[in-house]
Amino acid sequence: MKLYIISDKAFQTPLYKAIERAIRTYFSQKRFEITFEEIDQGDLDFCMGCFGCWTKKPGECVIPDKMGQINQTFMNSDGVIYLSPVVFGQFSANIKNAIDRWIPNALPFFETRTDGSTMHPPRYASYPKQLIIGYQMGMSEEDAQLFKDITEKHRTNVAVITVDDLDFDLSRLFDSIQFERIGGPL
Amino acid sequence: MIRAHKNVILINGSPKRTNVSMSGWLAAFAEQRLKGELLEVKLIRAQKSLLNDNMAHDFETLRDADALVFIFPLYVFCLPGLLMRYLEDFYDFLKTQYSDDESIDQRGIKIYAVVNAGFVEPEVNLEAVRVIRSFSEKIQANFRFGVLIGGGPMIPNTQNALFMKPTIRALDAAFLKIGEDIAGEGQSLPADLQISVNFPKKLYHFMGDHRWISSVKKNGLKKKDLYRRPYQTLR
């Protein structure tokens, strides 16, 4: 089983290092093949909203940088963990760049979900199971809730958790998630 | 009572590299509605500021303003990465350049968020407004309210059509409200405003989907190419 971990190189705090250690320990014991991706400022250009990934080179970002390789590794993993600092209740800029530039993996069309909201349909039959871990020492309850809402209110099959101090135990959470490919809506 | 003159900065947070964007259109629209005897309005493009490495100068301008209006598109249900970089850097600038005594809260700067989405539901922008609210709290500024716009990309090209008049009137009213709030004492906190295009959702989706098909054909590809799966081969 392949696990891909995407993290922000610019926010490698003691809390980040503790979470990273916990992930490595747990998934190594489970015999996952782990690939770490640390994104630093300048590694990825910003998504420029050109939609070239839908109309010029469908399925691939047209900006020639590391993101092509990240999307390829993402799509060929069984599980993906985003390890993001919580900044103003959102992903940090480095992680948000990777998420913005993930959209080649969806189709451009609109579809109405059962709750009446709109979403883009999946491009692929299945995707890796995704978990987003937001970390920040002493983050406010409002920021933690906002960080969860951004994903949980709008995405399907993506789990979110926040960690705000060094006294954490993620093993029960990891036990509860099947890191294997899943189909269905995005 | 004589009201004081106020400096307003409109920050266009669109990551597009051209001048043409919905956020650019909204910023120009806002400038027209806001500028007047009491409000002096200036436009800053975050993308240009980052690209030209002009941020220190622009951040001084933001810090000296009475009100900041962030106008930006929704990217994957929250702020675009480019605008996050801009806010992170502005926060760091304030932290490193100024002592606590000089912090922004002494001046009661007012902050507004105007967010536009390609999806027709304006409420999809709510979390992005909350991010701007959180940012405002972190720099000890005074977040006021947000304007949530659904179906944004349709507005500029159809602004003169009869069916778009209610939306344009709603935008007019929203920026008028922002202007009044900036000029006023700010005792009560207005609620967020939600604006959507007055257009059937099914037809909006149909036209949007058709646009992708015609765009891909203009690029010399076929409709079936839209469905390519370039990363599927390895699994």
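Read-outs throughout are calculated quantities, based only on the coordinates presented, and are distinct from any laboratory measurement. Every value quoted in this text rests on a predicted model; they were computed, and no experiment measured them. Neighbour counts run over all protein chains shown; Cβ positions are idealised from the backbone, glycine included.
Over the Cα atoms of segment B:6-199, what is the Rg over Rh ratio if Rh follows Kirkwood? Rg divided by Rh gives 0.95.
Specify which residue in the list B:ASN7, B:LEU62, B:VAL124 is farthest towards the positive end of the charge dipole of segment B:6-199, using unit charges on the beta carbon of Lys, Arg (+1) and Asp, Glu (-1), about the Cα centre. Among B:ASN7, B:LEU62, B:VAL124, the one farthest towards the positive end of the dipole of segment B:6-199 is B:VAL124. Here segment B:112-235 is assigned +1 on the Cβ of each Lys and Arg and -1 on the Cβ of each Asp and Glu. Its dipole about the Cα centre then comes out at about 1140 debye. Footprinting exposure proxy ranking of A:SER140, B:SER99, B:SER136, fewest other C-beta atoms within 10 angstrom first, gives B:SER99, A:SER140, B:SER136.
The label-point distance for A:VAL158 and A:SER140, in a model that sets each label 7 Å from Cα toward Cβ, rounds to 2.4 nm.
Legend: translational diffusion of segment A:58-138 by Stokes-Einstein, Rh = Kirkwood radius over C-alpha pairs, 20 °C, 1.002 mPa s; D = 150 µm²/s. A helix-only calculation puts chain A at -8500 deg cm²/dmol for mean residue ellipticity at 222 nm, using -39500 (n - 2.57) for each DSSP H run of at least four residues, averaged over all residues. Counting every alpha-carbon pair across the protein assembly as shown, the share separated by more than 39 Å comes to 19%. Once you've got the Cα coordinates, tell me which of A:LYS9/A:LYS148; B:LYS16/B:LYS201; A:LYS56/B:LYS138; A:LYS17/B:LYS138; A:LYS153/B:LYS42; B:LYS165/B:LYS224 are over 32 Å apart. With Cα atoms farther than 32 Å apart: A:LYS56/B:LYS138; A:LYS153/B:LYS42; B:LYS165/B:LYS224.
Quick check on my link table: of A:LYS129/B:LYS202; A:LYS66/B:LYS218; A:LYS96/A:LYS129, which ones sit more than 22 Å apart, alpha carbon to alpha carbon? Checking Cα-Cα distances, A:LYS129/B:LYS202; A:LYS66/B:LYS218 exceed 22 Å. Annotation: the residues B:LEU162, A:LEU107, B:LEU193, sorted from fewest to most other C-beta atoms within 10 Å of their own C-beta, follow the order B:LEU162, B:LEU193, A:LEU107.
Entry note, segment B:6-199: relative contact order of 22 percent, from Cα contacts under 8 Å with a spacing of 6+ residues. Between B:ARG107 and B:LEU162, the simple spin-label model (points 7 angstrom out along Cα→Cβ) gives 4.9 nm. Enumerate the aspartates and glutamates that B:LYS223 could reach by cross-link, defined here as Cα to Cα under 17 Å, with residues fewer than 8 away along the same chain left out. Answer for B:LYS223, where 17 Å is the Cα cut-off: A:GLU60, B:ASP209, listed by chain and number. Viscosity 1.002 mPa s, temperature 20 °C: Stokes-Einstein D of segment B:1-121 from its Kirkwood Cα radius, in µm² per second? The estimated diffusion coefficient comes to 141 µm²/s. Ranking A:ASN76, A:MET139, B:HIS210 by Cα position along the charge dipole of the protein assembly as shown, where only Lys, Arg, Asp and Glu carry charges on their C-beta atoms, puts B:HIS210 farthest toward the positive end. Taking the DSSP bridge list for the protein assembly as shown and keeping only pairs wholly inside it, about 10 percent are antiparallel. Long hydrophobic helices in chain B, taken as whole DSSP H segments with a C-alpha length of 30 Å or more on their own axis and mean Kyte-Doolittle hydropathy at least -0.5, are absent. Rounded to the nearest whole Hz, the Karplus-based 3J(HN,Hα) values (6.51 cos²θ - 1.76 cosθ + 1.60, θ = phi - 60°) of segment A:80-90 follow the sequence 10, 10, 8, 10, 10, x, 8, 10, 6, x, 10, with x at glycine and proline. What you get for segment B:6-199, charging only the Cβ of Lys and Arg (+1) and of Asp and Glu (-1), is a dipole of about 700 debye around the Cα centre.
For chain A, find the longest principal axis of its Cα atoms and tell me its angle to the long axis of helix A:14-29, 0 to 90°, nearest 10. For helix A:14-29, the angle is close to 80 degrees. Suppose we keep just the DSSP beta bridges with both residues in chain B; what percent of those would be antiparallel, to 5? Among the beta bridges of chain B, antiparallel pairing accounts for roughly 5 percent. Going from the residue with the fewest nearby Cβ atoms within 10 Å to the one with the most, A:MET137, B:MET164 rank A:MET137, B:MET164.
If R0 equals 35 Å, the separation of the Cβ atoms of A:GLN41 and B:ALA28 corresponds to a calculated FRET efficiency of about 0.70.
Shown here are the Rg and Dmax of the Cα trace of segment A:1-92, at 14.9, 43 Å. Straight-distance candidates among the aspartates and glutamates for linking to B:LYS6, with alpha-carbon spacing under 19 Å and chain neighbours fewer than 8 residues away dropped: B:GLU31, B:GLU37, B:GLU40, B:ASP58, B:GLU60, B:ASP64, B:ASP66, B:ASP105, B:GLU180, B:ASP181, B:GLU185. Each Lys and Arg contributes +1 and each Asp and Glu -1, all at the Cβ; summed about the Cα centre of chain A, the dipole is approximately 700 debye.
Run the helix sum for chain B: -39,500 (n - 2.57) per DSSP H stretch of 4+ residues, divided by residue count, reported at 222 nm to the nearest 500 deg cm²/dmol. After summing the helix terms and dividing by the residues of chain B, the value is -13500 deg cm²/dmol. Take the Cα coordinates of chain A, assign each an equal point scatterer, and use the Debye formula without solvent to give log10 I(q)/I(0) at q = 0.12 Å⁻¹. At q = 0.12 Å⁻¹ the computed log10 ratios are -0.58.
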